[in-house]
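Read through the structure below, which is laid out as structure tokens, and then see the notes.
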Amino acid sequence: GDSVTQMEGPVTLSEEAFLTINCTYTATGYPSLFWYVQYPGEGLQLLLKATKADDKGSNKGFEATYRKETTSFHLEKGSVQVSDSAVYFCALRGYNQGGKLIFGQGTELSVKP
Amino acid sequence: KAGVTQTPRYLIKTRGQQVTLSCSPISGHRSVSWYQQTPGQGLQFLFEYFSETQRNKGNFPGRFSGRQFSNSRSEMNVSTLELGDSALYLCASWSGRDRSGANVLTFGAGSRLTVL
């Protein structure tokens, strides 16, 4: 079945450092890919998405490119801030799967001043 | 417009009891999905309802059930609670009509259930 694998955390960075969180997936067909972020005590917020190969999703300085050849959707940010500290989830939605998302295990990011 | 609203936000139950959680989707959204989040298993899909019909179901025992009303509000019920049911239960809504998957799910803040 479909699955998503993320790099394990926690990831600890200093403010203004470069961030990469790896995400790879296994799916039949052409899934849509998402990054969600969860701040302490809150639900999930959509960070960015991509719906077809080579699409680049971007938001708030974060970027991820849908790479079908490597089945990857790595999250990057050039300069992290303390306020970026949260748990990040990579997810996929199979074609015509409606409200069913398959999530990775989440990567906790801690940014120190 | 208002987001996805889940009630109650926190609740404590004892083993063997049952619980009902409520979710009000974004206005105009006809699909509601439920997820369970635990430290050990992560985020797992429970089920999806669209126009009062269950459209998709995850791999959970029959103790977990749900329903959707004509106004798109949804409830999920867990009967005969077990300690392992302690989790954050998240509800998400979307329009319900998009074969490409481009429309995104908007999540509520969740209902945190503790089973003692």
Notebook entry, point to check: Counting other Cβ atoms within 10 Å, which GluC sites (Glu not before Pro) in the stretch A:1-110 have at most 15 and lie in a DSSP loop?
Noted result: A:8, A:15, A:16, A:42, A:69
Margin query: Defining a contact as two alpha carbons under 8 Å apart and six or more residues distant in sequence, what relative contact order in percent does chain B show?
Written below: 36
Checklist line | Neighbour cut-off at most 13 other Cβ (10 Å), DSSP loop, GluC sites (Glu not before Pro), the stretch B:10-116 | finding: B:52, B:82
Checklist line | Around residue B:58: net Lys/Arg minus Asp/Glu count, Cβ-Cβ under 10 Å | finding: +1
Next item on the list: Counting residues in the protein assembly as shown as N, plug N into 2.2 N^0.38 Å and put the Cα Rg over that result.
Entry: 1.01
Check: If all Cα-Cα distances of chain B are sorted into 5 Å bins from 0 onward, what percent lands in each bin, rounded to whole numbers?
Finding: 2, 13, 23, 26, 19, 10, 5, 2, 0
Note to self: Give the lysines whose C-alpha is closer than 17 Å to that of residue B:57, dropping any in the same chain fewer than 8 places away, or say none.
What the structure shows: A:100
Next item on the list: Can you list which of the chymotrypsin sites (Phe, Trp or Tyr not before Pro) found in the stretch B:1-95 are DSSP loop residues with at most 14 other C-beta atoms within 10 Å?
Entry: B:69
Note to self: I need to check one value: relative contact order of the stretch B:10-56, counting alpha carbon pairs closer than 8 Å and at least 6 residues apart, in percent.
What the structure shows: 24
Next item on the list: Between residue B:44 and residue A:79, take the C-beta separation as r, use R0 = 35 Å, and let me know the FRET efficiency to the nearest 0.05.
Entry: 0.55
Next item on the list: Report relative contact order for chain A in percent, whole number only (criteria: Cα-Cα under 8 Å, sequence separation at least 6).
Entry: 37
Margin query: Less than 20 Å apart at the alpha-carbon level, and either on another chain or at least 8 residues along: which lysines does that give for residue A:68?
Written below: A:49, A:52, A:56
Note to self: Show me the ranking of peptides B:26-32, A:26-32, A:79-85 by mean Cβ neighbours inside 10 Å, starting with the highest.
What the structure shows: B:26-32, A:26-32, A:79-85
Next item on the list: Determine ³J(HN,Hα), in whole Hz, for all residues of the stretch B:49-56 in sequence, where each value follows from phi through the Karplus function 6.51 cos²θ - 1.76 cosθ + 1.60 and θ = phi - 60°; x replaces Gly and Pro.
Entry: 10, 9, 6, 6, 10, 6, 9, 7
Check: Can you give the average number of partner chain beta-carbon atoms within 10 Å of each beta-carbon in peptide B:105-111, as a whole number?
Finding: 5
Next item on the list: Report, for chain B, the % of DSSP beta bridges that are antiparallel, rounded to 5.
Entry: 90
Margin query: I need the Kirkwood Rh of the stretch A:49-106: take the reciprocal of the average 1/r across all distinct C-alpha pairs and report it in angstrom.
Written below: 12.7
Next item on the list: Quantify how strongly other chains surround peptide B:45-56 by giving the mean number of their Cβ atoms within 10 Å of each of its Cβ atoms.
Entry: 2
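Values in this text are rule-based calculations from the coordinates and carry no lab data. Values in this document were obtained by computation on a predicted structure and should not be read as measured data. Cβ: placed from backbone, ideal geometry, glycine included. Neighbour counts: every protein chain shown.
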